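The values are calculated or read from the model by the stated rules, or taken from the named source; none is laboratory data. These figures come from a predicted structure and were not determined experimentally. Heads up, the Cβs are rebuilt from the backbone with ideal geometry, glycines too, and the neighbour counts pull from every protein chain shown.
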Amino acid sequence: MNIIGPDKLIFGVDDVAACKQFALDYGLVTKDEQNYVSLDGTGIEILHKDDASLPAPLPSGSMLRKTIYGVADQAALDAITAELSKDREVKTLADGSIEALDDLGFVLGFQVTIRQTLDLPAETINAPGAAPQRGVNLTGVSKDFTAKPRSLSHVVYFVPDIEKAEAFYAERLGFVTTDRFTGTGPFMRPAGTLDHHTLFFLKTPPFMQGVEHFTFHMSGPTEVSQAGYALVEKGYQSFWGPGRHIFGSNWFWYFKSPFGCNIEYDADMDLHDDSWEAREALPGADNSQVFLLQSREKWAPGGPPGKP
């Protein structure tokens with residue numbers, strides 16, 4: 001199954017205006033009245049929870065109503081249709097995409113991917129002993145900054161049965177488990193990407209089933225930090241970060257959001273092919289990040305009275 005990764009997440013929310021403003025403050029751009037996208041065209045759709053076009057919600061009331069995956073071509077879409085049609089209804093929608101339920105009741109969509117190929121420089125560094133990545137008289141950072149999420153990275157589900165969830169995505173859709181937290185859940189990637197994961201499960205009671213967080217890739221750790229700091233200055237609540245994970249190695253910064261879940265910035269994720277052997281570790285702080293920083297108000301030595 002040549003699934004590349006998530007193209008779009010569709011939400012049915014309580015406060016449409018707050019969610020749209022958050023999407024803009026996060027750095028997504030308006031495609032139309034409902035859709036907010038990153039640089040490669042992947043993104044989120046924001047509708048009111050009572051919108052008649054939305055699939056039915058989970059019993060938990062999760063605001064995530066549908067996850068749409070992009071596939072490489074029509075042949076991949078036909079293969080998924082044939083596989084899932086063996087034991088469940090697969091709807092073909094007017095736009096040519098298909099829709100079905102996974103084994104835990106999440107609504108999935110599949111479409112020939114809308115992802116646009118990006119040709120953009122990554123964050124560069126200069127280090128002793130290595131050729132400069134950034135030339136002479138080129139500065140590495142600027143106060144004139146606008147966050148520009150590049151691509152929808154991954155989504156994390158709360159699920160009551162991680163074994164059932166992992167089996168469905170592995171056996172029916174060809175996802176591969178790259179790493180695992182014992183008793184908590186697996187990190188998984190589909191066949192069409194080398195990203196460490198586009199999907200992760202966290203075991204929770206049934207009443208919590210839904211989305212825990214989603215994230216977009218940024219250009220590097222500096223952009224993660226600057227984008228996160230800009231959200232803090234706008235009054236949004238930092239949840240976890242900035243820091244750097246161990247599984248996946250990605251830099252991260254998570255925030256509370258009006259989507260009923262957390263949203264993350266990430267950057268510099270590991271890439272793996274089929275020769276990679278999955279690791280396993282106990283969940284906990286020492287295995288979740290190599291370090292964790294804490295945001296604080298800007299200050300400078302010798303500043304105004306009352307400042308350090």
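Considering (1) more than 26 Å from Asp273 (Cα to Cα); (2) part of a loop (DSSP other than H, G, I, E, B); (3) in contact with a helix residue (DSSP H, G or I) (Cβ under 7 Å, 6 or more places away or on another chain); (4) of a type outside the set (Phe, Trp, Tyr), say which one Glu123 fails and leave the rest.
If we test Glu123 against (1) more than 26 Å from Asp273 (Cα to Cα); (2) part of a loop (DSSP other than H, G, I, E, B); (3) in contact with a helix residue (DSSP H, G or I) (Cβ under 7 Å, 6 or more places away or on another chain); (4) of a type outside the set (Phe, Trp, Tyr), just (1) comes out false.
What is the residue count in region 248-268 for residues that are farther than 22 Å from Asp25 by Cβ and either buried (at least 22 other Cβ atoms within 10 Å of the Cβ) or more than 15 Å from the chain's Cα centre (by Cα) (or both)? First the steps, then the outcome.
Within region 248-268, the subset farther than 22 Å from Asp25 by Cβ is 248-249, 268.
Retained after the next criterion (residues that are either buried (at least 22 other Cβ atoms within 10 Å of the Cβ) or more than 15 Å from the chain's Cα centre (by Cα) (or both)): 248.
Result for region 248-268: 1.
Select from region 31-65 the residues that are of a type in the set (D, E, K, R) and either out of contact with any Phe, Trp or Tyr (no Cβ under 8 Å at 6 or more places or on another chain) or assigned to a loop (DSSP other than H, G, I, E, B) (or both) and list them in ascending order. I'd like the intermediate steps shown before the answer.
First, pick out the residues of region 31-65 that are of a type in the set (D, E, K, R): 31-33, 40, 45, 49-51, 65.
Lys31, Asp32, Glu33, Asp40, Lys49, Asp50, Asp51, listed by residue number.
If I filter region 187-200 for residues that are assigned to a loop (DSSP other than H, G, I, E, B) and touching a helix residue (DSSP H, G or I) at 6+ places or on another chain (Cβ under 7 Å), do I get at least one hit?
no
Could you identify the single residue in Val136, Val159 that is loosely packed, with under 13 Cβ neighbours inside 10 Å, farther than 24 Å from Val37 by Cβ and of a type in the set (A, V, I, L, M)? Lay out the reasoning, then the answer.
Values: Val159 fails: loosely packed, with under 13 Cβ neighbours inside 10 Å.
Answer to the selection: Val136.
Report whether or not Leu282 is in contact (Cβ under 8 Å) with a residue 40 or more places away in the chain and over 29 Å from Asp14 (Cβ atoms). Walk me through it before giving the result.
Numbers: in contact (Cβ under 8 Å) with a residue 40 or more places away in the chain: yes; over 29 Å from Asp14 (Cβ atoms): yes.
Yes, satisfied.
If you scan region 285-299, which residues turn out to be exposed (fewer than 12 other Cβ atoms within 10 Å of the Cβ) and either touching a strand residue (DSSP E or B) at 6+ places or on another chain (Cβ under 7 Å) or at pLDDT 95 or above (or both)?
Keep residues of region 285-299 that are exposed (fewer than 12 other Cβ atoms within 10 Å of the Cβ), which gives 285-286, 290-291, 294, 296-299.
Val290, Phe291 - these are the residues of region 285-299 that are exposed (fewer than 12 other Cβ atoms within 10 Å of the Cβ) and either touching a strand residue (DSSP E or B) at 6+ places or on another chain (Cβ under 7 Å) or at pLDDT 95 or above (or both).
Restricting attention to region 83-118, report how many residues are outside any loop (DSSP other than H, G, I, E, B), touching a strand residue (DSSP E or B) at 6+ places or on another chain (Cβ under 9 Å) and of a type in the set (Asp, Glu). Please lay out each step first, then the result.
Step one: list which residues in region 83-118 are outside any loop (DSSP other than H, G, I, E, B), which gives 83-84, 91-92, 98-101, 107-112.
Adding the requirement that they be touching a strand residue (DSSP E or B) at 6+ places or on another chain (Cβ under 9 Å) leaves 84, 91-92, 98-101, 107-112.
Still in the running and of a type in the set (Asp, Glu): 99.
Number of matching residues: 1.
Which ones in region 126-162 are of a type outside the set (A, V, I, L, M), outside any strand (DSSP E or B) and closer than 30 Å to Pro205 by Cβ?
Initially, region 126-162 is screened for residues of a type outside the set (A, V, I, L, M), giving 126, 128-129, 132-135, 137, 139-140, 142-146, 148-151, 153-154, 157-158, 160-161.
So of that shortlist, the ones also outside any strand (DSSP E or B) come out as 126, 128-129, 132-135, 137, 139-140, 142-146, 148-150, 160-161.
Answer for region 126-162, where residues must be of a type outside the set (A, V, I, L, M), outside any strand (DSSP E or B) and closer than 30 Å to Pro205 by Cβ: Pro160, Asp161.
Between Ala147, Ala127, Ala94, Ala100, which is surrounded by fewer than 10 Cβ atoms within 10 Å (Cβ to Cβ), of a type outside the set (Phe, Trp, Tyr) and within 30 Å of His48 (Cα to Cα)? Break it down into steps so the answer makes sense when it comes.
Values: Ala147 fails: surrounded by fewer than 10 Cβ atoms within 10 Å (Cβ to Cβ); Ala127 fails: within 30 Å of His48 (Cα to Cα); Ala100 fails: surrounded by fewer than 10 Cβ atoms within 10 Å (Cβ to Cβ).
Every option except Ala94 fails the conditions.
Across region 199-240, which residue is farthest from Leu24 (Cα to Cα) among those that are surrounded by fewer than 16 Cβ atoms within 10 Å (Cβ to Cβ) and without any contact (Cβ under 8 Å) to a residue 40 or more places away in the chain?
Applying the filter and picking the extreme gives Phe239.
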